[in-house]
């Protein structure tokens, strides 16, 4: 006999499942591994298709690189970098529940060379840079004018001399980027533009 308590328990489990999605690591050490992600509002994991393009661009540079993922969200870019041999990966995520999920996935992969910060990117980048990064991912929530501010702050000691910076943003409008950043690669898919810059 199914009781009301059983039904409520079933609903809770369904809701729990509905709140979780997954990302897939495409290549490297953890190739094919699926990681649970929180389907919170505003979090939109980078699609496999875009991710494949981005990491084809980064293939010659990713091994042993220090990587910073500024708006980590589901961690799609950060975990891919980790799998492909990055020396260190630092994920920054403002959403507390999403950051907690990133930490869970870090433990799942036994990733000692990964760090997760539950913080506001702009506040964190205003502080003194503890180290400089070779590769930086910037994929913020759209239409909040976060790209320009983030890029300016990264120039305060956060970037290695010839750092590569990946920027994913809405295709309409334009951002003011530092004058010493050179555009290397660019693709536009519908409402999303993704670009790779080199700091010169």
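The values are calculated or read from the model by the stated rules, or taken from the named source; none is laboratory data. What you see is a predicted model, and the numbers here were worked out from it, not measured in a lab. For neighbour counting, all protein chains shown are included, and Cβ atoms are generated from backbone atoms with ideal geometry for every residue, glycine included.
A few comments on the model shown:
- Filter result for residue 149 (in contact (Cβ under 8 Å) with a residue 12 or more places away in the chain and not in a helix (DSSP H, G or I)): no
- Matching residues in region 4-50 - criterion: being in a loop (DSSP other than H, G, I, E, B), over 29 Å from residue 183 (Cα atoms) and modelled with pLDDT under 85: 19, 39, 40, 41
- Total residues in region 152-167, condition over 14 Å from residue 121 (Cβ atoms) and surrounded by 12 or more Cβ atoms within 10 Å (Cβ to Cβ): 7
- Picking from residues in region 125-146 that are in contact with a strand residue (DSSP E or B) (Cβ under 7 Å, 6 or more places away or on another chain) and in a loop (DSSP other than H, G, I, E, B), the one that is farthest from residue 91 (Cα to Cα) is 143.
- Residue within region 167-174 that is within 19 Å of residue 79 (Cα to Cα) and touching a helix residue (DSSP H, G or I) at 6+ places or on another chain (Cβ under 9 Å) present: yes
- Search result, residues across region 40-99 that are more than 9 Å from the chain's Cα centre (by Cα) and at positive phi: 42, 64, 85
- Qualifying positions in region 107-124 - touching a residue at least 40 places away in the same chain (Cβ under 8 Å) and over 21 Å from residue 35 (Cα atoms): 121
- Pairing each residue of region 155-178 that is at positive phi with any residue that is at pLDDT 90 or above and surrounded by 12 or more Cβ atoms within 10 Å (Cβ to Cβ), provided the two are 6+ apart or on different chains, yields C-beta distances under 7 Å for 157/129; 157/132.
- Residue match in region 51-66 (condition: crowded, with 19+ Cβ neighbours inside 10 Å, touching a strand residue (DSSP E or B) at 6+ places or on another chain (Cβ under 6 Å), modelled with pLDDT under 95 and more than 22 Å from residue 187 (Cα to Cα)): no
- Residue 118 more than 19 Å from residue 65 (Cβ to Cβ), in contact with a helix residue (DSSP H, G or I) (Cβ under 9 Å, 6 or more places away or on another chain) and surrounded by fewer than 18 Cβ atoms within 10 Å (Cβ to Cβ): yes
- Among the residues of region 93-110, those identified as outside any helix (DSSP H, G or I) and surrounded by fewer than 21 Cβ atoms within 10 Å (Cβ to Cβ) are 94, 95, 109, 110.
- Scan of region 102-122 for residues that are under 18 Å from residue 22 (Cβ atoms) and over 13 Å from the mean Cα position of the chain (by Cα), ordered by number: 103, 104, 105, 106, 107, 108, 109, 111
- Of all the residues in region 67-91, those that are assigned to a strand (DSSP E or B) and surrounded by fewer than 24 Cβ atoms within 10 Å (Cβ to Cβ) number 2.
- When residue 149 is tested against (1) more than 21 Å from residue 88 (Cα to Cα); (2) in contact with a strand residue (DSSP E or B) (Cβ under 7 Å, 6 or more places away or on another chain); (3) surrounded by 15 or more Cβ atoms within 10 Å (Cβ to Cβ), only condition (2) is not met.
- Residues in region 172-200 that are loosely packed, with under 12 Cβ neighbours inside 10 Å, assigned to a loop (DSSP other than H, G, I, E, B) and at pLDDT below 95: 172, 173, 174, 176, 179, 190, 191, 200.
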